[in-house]
1. Which ones in the stretch 375-401 are open to solvent by less than 40 Å² (accessible area, probe 1.4 Å), of a type outside the set (Ser, Thr, Tyr) and within 27 Å of Trp165 (Cα to Cα)?
2. Please indicate, with yes or no, whether at least one residue in the stretch 21-36 is crowded, with 19+ Cβ neighbours inside 10 Å, among the β-branched types (Val, Ile, Thr), at pLDDT below 90 and in a loop (DSSP other than H, G, I, E, B).
3. Looking only at the stretch 266-304, count how many residues are open to solvent by less than 50 Å² (accessible area, probe 1.4 Å) and free of Cβ contacts under 8 Å to residues at least 60 places away in the same chain.
4. For the stretch 374-396, give me the residue count where each residue is of a type outside the set (Asp, Glu) and either at pLDDT 90 or above or under 17 Å from Gly33 (Cα atoms) (or both).
5. Which condition from (1) part of a strand (DSSP E or B); (2) more than 18 Å from Asp289 (Cβ to Cβ) is the one that Asp310 breaks?
6. Could you pull out the residue among Ala175, Ala109 that is surrounded by 21 or more Cβ atoms within 10 Å (Cβ to Cβ) and either touching a Phe, Trp or Tyr at 6+ places or on another chain (Cβ under 6 Å) or in contact (Cβ under 8 Å) with a residue 40 or more places away in the chain (or both)?
7. When you look at Ala230, is it among the small types (Gly, Ala, Ser), crowded, with 20+ Cβ neighbours inside 10 Å, modelled with pLDDT under 90 and in contact with a helix residue (DSSP H, G or I) (Cβ under 9 Å, 6 or more places away or on another chain), yes or no?
8. Let me confirm something: among Ala87, Ala58, Ala109, which residue is over 24 Å from Phe157 (Cα atoms), in contact with an Asp or Glu (Cβ under 7 Å, 6 or more places away or on another chain) and of a type in the set (Gly, Ala, Ser)?
Amino acid sequence: MSQPQLSAEQAAVFEMIEGTRDHVFVTGRAGTGKSTLLNHLSWHTSKQLVIAAPTGVAALNVGGQTIHSLFRLPIGVIADHELEQSAELRKLLNTIDTLVIDEVSMVNADLLDAIDRSLRQARARRHEPFGGVQIVLFGDPYQLAPVPGDGDERAYFADQYRSMWFFDARVWAEAELKIVELTTIHRQHEEEFKYLLNAVRHGMVTAEIAGRLNAVGARPAPTDDAITLATRNDTVNRINASELGRLPGRALTANAEINGDFGGRAFPADDRLELKVGARVMFLRNDSDQRWVNGTVGTVEKIADTVWVDIDGEVHEVQPAVWEKYKYSYSPATKQLRRDIVAEFTQFPLRLAWAVTIHKSQGKTYERAIVDLGQRSFAPGQTYVALSRITDLDGLYLTRPLRPSDIIVDENVRRFMSGVQRIPGIEAAAAT
């Protein structure tokens, strides 16, 4: 698969990760190329590198393993519980040079401290943060927050930590985290829209900014090719089912083929995909021949053993895709890390696309979208994620005007990110 070229800024961050043992947090606004950089790192590093993520789908998207599965950690607050480690797990953790955690904003402080303790214990280097492993974190705290648990868990965090966020883990009292903010936006090119999005991201929306977004968004929504981004699953399911039902003919169902243990229902696509000719669909994977990318929207033209999809007037045959679930292990023969496929999920890389949840739109790019915040936006960063999926201000449609209560920025994120020091040289590299 062809690899996109790194910008000067991304290349400088890659060299910093590759050439040092520093702990690095790579952040940046939506569309600054965090995923591109992570992908490049996984393909081109010379280090023994392991990629982990907080959820099953996030792990599948980056070819990694979930944190709980990799470290064999119990679900829930881990606190000071004894960590049981098999000889095999200790060998695996001793082989790692660099641990990459994607979507780190969803990782809570307790889990990050458990990773620290697990690595110290396995590597018998109890006085070194993370047992001497380099930690590289990717994510944007302005977009995704850790999910609070039940009342007991919330009480525990209130008692033990400054906040639930990963940046308030105790390990940072002993380890320095270098924060690099990617600044070049590759998704949007209009200066005005970048400015408006940045105001939403930081919760600095003035009456004038809100007025501009609302004036643009108040136009009648197009009926042809704009996707609806909604806060709730039931809204999305209702819109997709209703639109599919309007099309003539019988729906055909493609059932996924699942081999191995996927654990629960963390599937990367629908296990039962219902399609009709004329259905609007969204691609869930980049195409190796670059005919479409994750988030491209098209229309089903024909259904047989494969599906033909019209994208901007060109019809492409779409084959089922295979998502591979990986597990890291230690190979005694080579004394190296192994990454083995333990499960496979085969399905057409398509999803009905009259609507999608804002959460599932994460990382995707749309030319036009209808943003439906329902009664209210109920999670920090949700409105920013929705608006920042869109490439141009002209592609924004709102089902109702934005209200001040829709722009939620977590105060802990504000505190942490206001202290962000850009690494000298990164900006210089970007300017060359």
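The values are calculated or read from the model by the stated rules, or taken from the named source; none is laboratory data. Quantities reported herein were computed from a predicted structural model and do not represent experimental measurements. Here Cβ is always computed from backbone atoms with ideal geometry, including for glycine, and neighbour counts include all displayed protein chains. Remember, those area values only see protein heavy atoms, side chains included, never the ligands or the DNA or RNA. Shrake-Rupley method; radii C 1.70, N 1.55, O 1.52, S 1.80 Å.
1. Ala379, Gly381, Gln382, Val385, Ala386, Leu387, Arg389
2. Yes, some residue in the stretch 21-36 is crowded, with 19+ Cβ neighbours inside 10 Å, among the β-branched types (Val, Ile, Thr), at pLDDT below 90 and in a loop (DSSP other than H, G, I, E, B).
3. Selection size over the stretch 266-304: 8.
4. Residues meeting the conditions: 12.
5. Just one mismatch for Asp310, condition (2).
6. Ala109
7. Spelling it out, it is not the case that Ala230 is among the small types (Gly, Ala, Ser), crowded, with 20+ Cβ neighbours inside 10 Å, modelled with pLDDT under 90 and in contact with a helix residue (DSSP H, G or I) (Cβ under 9 Å, 6 or more places away or on another chain).
8. Ala58
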